[in-house]
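Reviewing the structure listed below.
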Amino acid sequence: MNQGYSTKVMEHFASPHNVGEIENADGIGKVGNPVCGDIMNMYIKVTNNVITDVKFKTFGCGAAIATSSMATDMIMGKTIEEALALTNDAVAEALGGLPRVKMHCSVLAEQAVRGAIDDYLRKTTGKGLELRSDEELHEHALVED
């Protein structure tokens with residue numbers, strides 16, 4: 001699979017972190033890309049505004065699995081506000097970069113995190129996030145090349 005992937009991407013693909021589901025999760029983000037077929041589900045547990053547990057289930061390519069894994073590492077132990085600052089670019093950078101054609105995987109990881117937080121906020125405050133559209137996120141990923 002090493003088609004221009006960094007060592008870090010290969011590590012997170014071969015041994016992904018935080019795989020699974022959280023029973024009775026406080027927030028669940030479900031996203032997918034109909035073009036490539038990747039599907040990500042992100043589950044969070046929140047205590048006192050801090051993400052105390054995060055898990056994911058991803059059906060997709062190696063880059064999708066690696067970005068999901070890295071995103072969970074990056075938001076574990078963070079406040080909701082800190083986790084909302086996560087960007088697809090930060091995920092890709094933490095992985096040592098992604099091939100341009102795989103940047104959409106980092107977009108899905110960002111969307112899954114934001115979706116889980118949105119679900120958590122809707123359940124706890126009755127008001128969710130203003131979520132960016134797929135088109136905006138994908139344009140952002142392509143512009144940042």
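The values are calculated or read from the model by the stated rules, or taken from the named source; none is laboratory data. Since we're looking at a predicted model, the values are computed, not measured. With ideal geometry, Cβ positions are generated from the backbone for all residues, glycine too; neighbour counts draw on all protein chains shown.
Just so you know, in the range 7-56 the residues that are at pLDDT 95 or above and among the small types (Gly, Ala, Ser) include one that is nearest to Gly115 (Cα to Cα), and it is Gly29. Restricting attention to the range 28-45, does a residue exist that is in contact (Cβ under 8 Å) with a residue 24 or more places away in the chain, touching an Asp or Glu at 6+ places or on another chain (Cβ under 8 Å), farther than 20 Å from Ala90 by Cβ and buried (at least 21 other Cβ atoms within 10 Å of the Cβ)? Taking every residue of the range 28-45 in turn, at least one turns out to be in contact (Cβ under 8 Å) with a residue 24 or more places away in the chain, touching an Asp or Glu at 6+ places or on another chain (Cβ under 8 Å), farther than 20 Å from Ala90 by Cβ and buried (at least 21 other Cβ atoms within 10 Å of the Cβ). Here Asn88, Asn41 are screened, and the one residue that is more than 15 Å from Lys8 (Cα to Cα) and either in contact with a Phe, Trp or Tyr (Cβ under 8 Å, 6 or more places away or on another chain) or among the hydrophobic types (A, V, I, L, M, F, W, C) (or both) is Asn41.
So if I check each of Val9, Val35, Val31, which one is aliphatic (A, V, I, L, M) and part of a loop (DSSP other than H, G, I, E, B)? One residue alone meets the criteria, Val35. Those helices (runs of 4 or more DSSP H) of the range 68-145 in which 1 or more residues are over 19 Å from Thr7 (Cα atoms) and at pLDDT 95 or above occupy 80-84, 103-125.
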